[in-house]
Amino acid sequence: MQLEASRKPLTLQLKVGLAIVGAIVLLGLLAPWVAPHPWDTISMRTRFLAPNATYWFGTDEYGRDVLSRLLMGTRLSLAMGVGATAISLAIGVPIGLASGYFRGWVDEALMRSADVLMAVPPIMLGLLFLAVTPPALWKTALAVGLVYIPQIARLTRSVTLSLAGEDFIQAAKARAETATYILFREILPNAWPPLIVEASLRVSYAILLGSALSFLGLGAQPPSSDWGLMIAEARSFLDRAPWIALAPGAAMCLLVIGINLLGDGARERLDPRLKSRVAT
Amino acid sequence: MAAYVVRRVILIALVLVAVSILVFAITTLLPANVAYLILGPFAQPEQVHALEHKLGLNDPVWLQYLRWAGAFLKGDLGESTLMNRPVAPLVFEALGHSLLLAGVSFVLVAVIGIGLGVVAALRHGRALDHTVSIATYLGIAVPEFFWAIIIIVVFAAWLGWLPASGYEPLSAGFSAWAKPLIAPVMTLVFGHLAHVSRLTRSSMIEVMQSPYVMAARAKGLPERVVVLHHALRNALLPAITVLALDFGRLMGGIVVVETIFAYPGLGRLVVFSIQNRDLPTLQAAILVVAAIYALANLVADLLYAFLNPKIRFGDAA
């Protein structure tokens, strides 16, 4: 199936998605070298400059270059999205595998716990996790990762359920392989394609939730140039310097659109029967 | 069907009990010392001990939980440590404000979302359809707080039509009351339109190609009747389920929107109580939101079961 897929030409959706995400990742990696100005140098003489030839996206209330801050913030957003999703996968995948393979009370216990986590809106759950400690960006990423465990676990479970009846699993059982071997060496490799697609889409959810939490003050702290925090700080100056907020907001939208195009494109490629994602 | 409903309701009740344990467990971990918070920085150690004893803070955690949950069920949500007021009226007043915001937005999301979806489906493959598709793709990508910023920049800072924040009681007059509501409602509607309209579009396209719609057309029925009476009814089934879920999502969305627009609802109360370490308020507010969210999910499930004959008449699993 994968071999077949790789021979198909890339769709426009995938190409655009790849271009956007690729460009943003590259800019993020190269940020310290491509940023035209220092991102954290305060200069009272250059406060609130509108976008111009020197400062393409203008300057903020401390006279810092918005473009340079934006570029440095790219790294934080990408790290938030990838880090949080890695946490969801690391915990959610084993849970889903166990739930779908062992069935019975294991399944019941794990899935009812997932129901509990899913009974609170994601942002409230994130706030609840973060309410107990002084804010830091890595804690926000951890909280976002925890929030999205149930979704990953459920998907893994349903994939596992559909694979558990296959002949090669029966064969492995007949060979008296251990459950760990069957779960991680037989089922997991076959479950990866849908999981990777889902994970890539989860990255955009994680970025949005993480920046919302940063925006509410429960993430990155000043003088960090996290996009959510940049927008939060720019709120007081919307009437005279809207560019400080609009630049990171637009960047975030572009990144999320890129990731969604990539994820949706990959999903259709792997499983043409599924239409693009409509609801979560 | 009845058995199914009862089972679902019991399940939701159990889930909410578990959520309350989760909320209690996490908030009990808060490093802030409640007695110290109430008495202020100049409290003597003996006073702190006495109050801790009075509040039962030295009891085992499970006993504290049972006491808290028991009082909660009797309607006593505790006392706000910050404002020295009972939490219950505080939370319910905020809940009223939030329900107003979420309710108005919900109706608009439903009407506009379904409308857009139907129009896009009927113009399937044409320019209007593509415009709606691209717009909804954007709608999913733009986070709520950025919608809010755009709306403030355009309508408050630039055009000067709307106030950037605030809330007025209805007693101040209808327009004074309605005006500050417009911006937050717009934010919520833009942020939530996409799901409903995309789903309506795809199910409408599917239904319009089905044999029974062809039959209705072959009978010579006017297109309006075919669309409204034959196609839309079936196409709405998935949209209605997603709408019920959307109400839950709106309750999550209010956190950010209320904070930005300084709207005195539950979301802002949650953020406010976290910033000020006001535990009883935080616990109560989150539980109330979880209850509404869970109810919305329950309604979504029941509606789906009720509207789908396969489940309604089958052996309800």
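Odds and ends about this structure:
- Residue satisfying condition, being within 11 Å of chain A (Cβ to nearest Cβ), under 30 Å from A:Pro135 (Cα atoms) and in a helix (DSSP H, G or I), within set B:Leu298, B:Leu245, B:Leu199, B:Leu287: B:Leu287
- Residue check for B:Leu266: facing chain A (nearest Cβ under 10 Å), under 26 Å from A:Ala245 (Cα atoms) and modelled with pLDDT of 90 or more: yes
- Of A:Ala212, A:Ala234, all but one fail to be within 11 Å of another protein chain (Cβ to nearest Cβ), part of a helix (DSSP H, G or I) and at pLDDT below 90; the exception is A:Ala234.
- Selection of the stretch A:11-38 for residues being more than 20 Å from A:Gly81 (Cβ to Cβ), hydrophobic (A, V, I, L, M, F, W, C) and surrounded by 12 or more Cβ atoms within 10 Å (Cβ to Cβ) yields A:Val34, A:Ala35.
Yes/no matrix, rows are residues, columns are (1) in a helix (DSSP H, G or I); (2) closer than 22 Å to B:Val270 by Cα; (3) modelled with pLDDT under 85:
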| residue | (1), (2), (3) |
| --- | --- |
| B:Pro31 | no, yes, yes |
| B:Ala69 | yes, yes, yes |
| B:Phe72 | yes, yes, yes |
| B:Leu95 | yes, yes, no |
| B:Ala110 | yes, no, no |
| B:Gly125 | no, no, yes |
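- Residues of the stretch A:213-255 satisfying the condition of being over 20 Å from A:Trp138 (Cα atoms) and of a type in the set (Gly, Ala, Ser): A:Ala234, A:Ser236, A:Ala241, A:Ala245, A:Ala247, A:Gly249, A:Ala250, A:Ala251
- The residues listed here are A:Val93, A:Val82; of these, the one that is among the β-branched types (Val, Ile, Thr), surrounded by fewer than 19 Cβ atoms within 10 Å (Cβ to Cβ), modelled with pLDDT of 80 or more and assigned to a helix (DSSP H, G or I) is A:Val82.
For (1) within 22 Å of A:Asp226 (Cα to Cα); (2) part of a helix (DSSP H, G or I), each residue gets a yes or a no:
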| position | (1), (2) |
| --- | --- |
| A:Gly126 | yes, yes |
| A:Phe129 | yes, yes |
| A:Thr133 | yes, no |
| A:Trp138 | yes, yes |
| A:Ala141 | yes, yes |
| A:Gln151 | no, yes |
| A:Arg157 | no, yes |
| A:Thr160 | no, yes |
| A:Leu163 | no, yes |
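- Matching option when the condition is surrounded by fewer than 20 Cβ atoms within 10 Å (Cβ to Cβ), closer than 24 Å to B:Ala13 by Cβ and at the interface with another protein chain (Cβ under 8 Å from one of its Cβ atoms), among A:Asp115, A:Asp107: A:Asp115
The values are calculated or read from the model by the stated rules, or taken from the named source; none is laboratory data. Note that the coordinates shown come from a computational prediction; the quantities given were computed from them, not determined experimentally. We place every Cβ from the backbone using ideal geometry, glycine too, and count neighbours over all the protein chains shown.
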